[in-house]
Every structure is written in structure tokens, then in C-alpha cells.
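Q: Sharing a structure here in C-alpha cells format.
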Amino acid sequence: MAAKKPATDAFQMSQFDFSNLNETYREMAEKAVAQGTEAYDKLKAAAEEATASAQKSFDAFREGMTEISAKTMANTKANADAGVAFFEKVSGAKTFAEVLELQGEFFRASFETIASQAKEVQELSMKVSEKTTAPAKAAVEKATAPIVDAAAKLAPKAA
């Protein structure tokens with residue numbers, strides 16, 4: 001028969017080495033800090049890239065709008081000058097038939113000019129739009145490239 005152990009033995013701590021426990025917690029804490037720092041660095045880099053991309057977009061938009069505004073002002077001046085020239089011609093007309101002829105020429109020329117100006121402004125607007133969205137488009141392509149590559153590797157190959 002085995003000898004009975006005293007009751008105090010039940011309350012004694014087991015032979016667990018607490019120095020290893022402290023080492024384990026320290027390693028876990030260091031790993032968590034390292035992962036947190038890495039995540040912060042990635043987030044910071046992404047935020048800086050997004051800010052730079054937004055700044056490029058805003059700069060392109062501002063420059064484009066300045067160009068469109070200048071073009072619109074030049075068109076307005078040209079149209080006003082054409083209107084003044086028309087009234088000068090009309091005021092020198094000798095007959096009502098000549099006034100009607102000048103008016104027809106003016107309206108025809110004005111329509112062609114305005115159509116041409118509208119086309120120029122539309123093309124300029126398209127360029128501004130492309131320049132404005134280009135930084136964001138590049139950022140999205142860069143961000144999605146790893147996903148696209150991974151998906152391409154997983155996709156079944158066509159036979």
C-alpha cells in the first residue's frame with residue numbers, strides 16, 4: 001500500500017517552470033508588436049500613395065479646368081468680336097436685302113464656329129477627364145494586380 005501524502009501536498013504548486021511562461025508571453029508580445037508595426041507601415045504607405053494619387057488628380061483637374069476656362073473665354077471673345085463686326089457690317093448696309101444677306105452669312109458662320117468650339121471644348125474635357133482619372137486608375141491597377149495574378153494562377157488553363 002502506498003504511503004499517504006500529507007494534505008498540504010495538494011496545495012503545493014506543481015513543478016511548472018514559470019520562467020518559460022514569461023518567455024512565451026514575451027515572445028507573443030514581441031510578435032504582436034512586430035505584426036502591428038508591419039500593419040501600420042503598410043497602412044501608412046497605402047495612405048501616402050492614396051494622398052499622392054489624389055493630389056495628382058486634383059492638380060490635373062485644376063490645370064484642365066484652367067485650360068477649359070481660358071478656351072471658353074477665348075471663344076466668348078471671338079464670338080463677341082464676330083457679333084460686333086456683324087453689327088458694323090449691318091450698319092453700313094444700303095438695302096434691306098443686303099441686311100438679310102449679311103444676317104444669313106453671320107448665322108451660318110456663327111453656327112459653324114460654335115459647333116467647332118463645342119467640339120474643341122468637348123475634346124479638351126475628355127483629355128482633362130483622362131488626366132484626372134489616370135492617377136486613381138493606376139493606383140487601382142497597382143492594388144488589384146496581386147489579386148488578378150493570383151486569380152490567373154488559379155484559373156483553369158484552356159486546352
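Q: Give me the dipole magnitude in Debye, nearest 20, for the stretch 29-150 about the Cα centre, with unit charges on the beta carbon: positive for Lys and Arg, negative for Asp and Glu. Walk me through the numbers before you get to the answer.
A: Working: 15 positive and 19 negative charges, 24 e Å.
It works out to roughly 120 debye.
Q: Okay, moving on. Can you tell me which aspartates and glutamates have their Cα less than 19 Å from the Cα of LYS153? Leave out same-chain residues fewer than eight positions away.
A: Within the straight-line cut-off, LYS153 pairs with GLU141.
Q: Run the quick spin-label model on LYS44 and LYS119: label points 7 Å from Cα toward the beta carbon, then report their separation in nm to one decimal.
A: Taking the two extended label points, one gets 5.4 nm.
Q: In addition: Do the alpha carbons of any pairs in LYS56/LYS127; LYS89/LYS119; LYS42/LYS137; LYS56/LYS142; LYS42/LYS131 sit beyond 22 Å of each other, and which pairs?
A: Details: LYS56/LYS127 15 Å; LYS89/LYS119 28 Å; LYS42/LYS137 20 Å; LYS56/LYS142 16 Å; LYS42/LYS131 27 Å.
Over 22 Å apart, Cα to Cα: LYS89/LYS119; LYS42/LYS131.
We did not get these values from a lab; they are worked out from the coordinates using the rules stated. Everything numeric in this text was worked out from a predicted model, so none of it was measured. Using ideal geometry, Cβ is built from the backbone for each residue, glycine included, and neighbour counts are taken over all protein chains shown.
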